[in-house]
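J.: I have a structure here, written as structure tokens, and I will follow up with some questions on it.
The values are calculated or read from the model by the stated rules, or taken from the named source; none is laboratory data. Note that this is a predicted model, so its numbers are computed, not measured. Ideal geometry is used to build each Cβ from the backbone, glycine not excepted, and the neighbour counts take in all protein chains shown. Accessible surface areas use protein heavy atoms only, side chains included; no ligands, DNA or RNA. Shrake-Rupley method; radii C 1.70, N 1.55, O 1.52, S 1.80 Å.
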Amino acid sequence: MSEYKIAAIGDRDSVLGFRALGLDVFPVENAEEAKDSLRRLAKENYAIIYLTEGFARDMAPEIARYEDEVTPAVILIPGREGSLGIGMANVKNAVERAVGADIL
């Protein structure tokens, strides 16, 4: 069985630090590049893909495609501009779906 990998997609300043943690880093310039990277990584045995909120804001349908899949888990993280609240809203929605009530 092959090992799963972890990646980070986002603007260069936001994702380069993840390389020091051993993650594969994919700096992108725009949402289209981010969409292409996400699609490619989803097919390449990545179990977790961190994606900056700034790009995720323009990729809702693409991210939703993986929402109910086991892998990859697409985790939204703040970018260099700070948190946009999208990641926390997604966590809240996932918990609500799992538990059946808003406990956060």
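J.: So, of the residues in region 7-43 that are more than 17 Å from Pro72 (Cβ to Cβ) and either among the acidic types (Asp, Glu) or touching a Ser or Thr at 6+ places or on another chain (Cβ under 7 Å) (or both), which turns out to be surrounded by the fewest Cβ atoms within 10 Å (Cβ to Cβ)?
T.: Glu29
J.: If I go through region 20-51 residue by residue, how many of them are touching a residue at least 40 places away in the same chain (Cβ under 8 Å) and not in a loop (DSSP other than H, G, I, E, B)? Explain how you work it out, then say what you get.
T.: At the first step, the residues of region 20-51 found to be touching a residue at least 40 places away in the same chain (Cβ under 8 Å) are 45-51.
This time we only want the ones that are not in a loop (DSSP other than H, G, I, E, B), so: 46-51.
So the count comes out to 6.
J.: Something else about it: How many of the residues making up region 44-63 are of a type outside the set (Val, Ile, Thr) and open to solvent by less than 50 Å² (accessible area, probe 1.4 Å)? First the steps, then the outcome.
T.: At the first step, the residues of region 44-63 found to be of a type outside the set (Val, Ile, Thr) are 44-47, 50-51, 53-62.
The next check asks that each one be open to solvent by less than 50 Å² (accessible area, probe 1.4 Å); those that pass are 46-47, 51, 53-56, 59, 62.
Total meeting the criteria: 9.
J.: If you don't mind, another one. Considering only region 68-86, state which residues are open to solvent by 30 Å² or more (accessible area, probe 1.4 Å), at pLDDT 75 or above and assigned to a loop (DSSP other than H, G, I, E, B).
T.: Within region 68-86, Asp68, Glu69, Val70, Thr71, Pro78, Arg80 meet the criteria.
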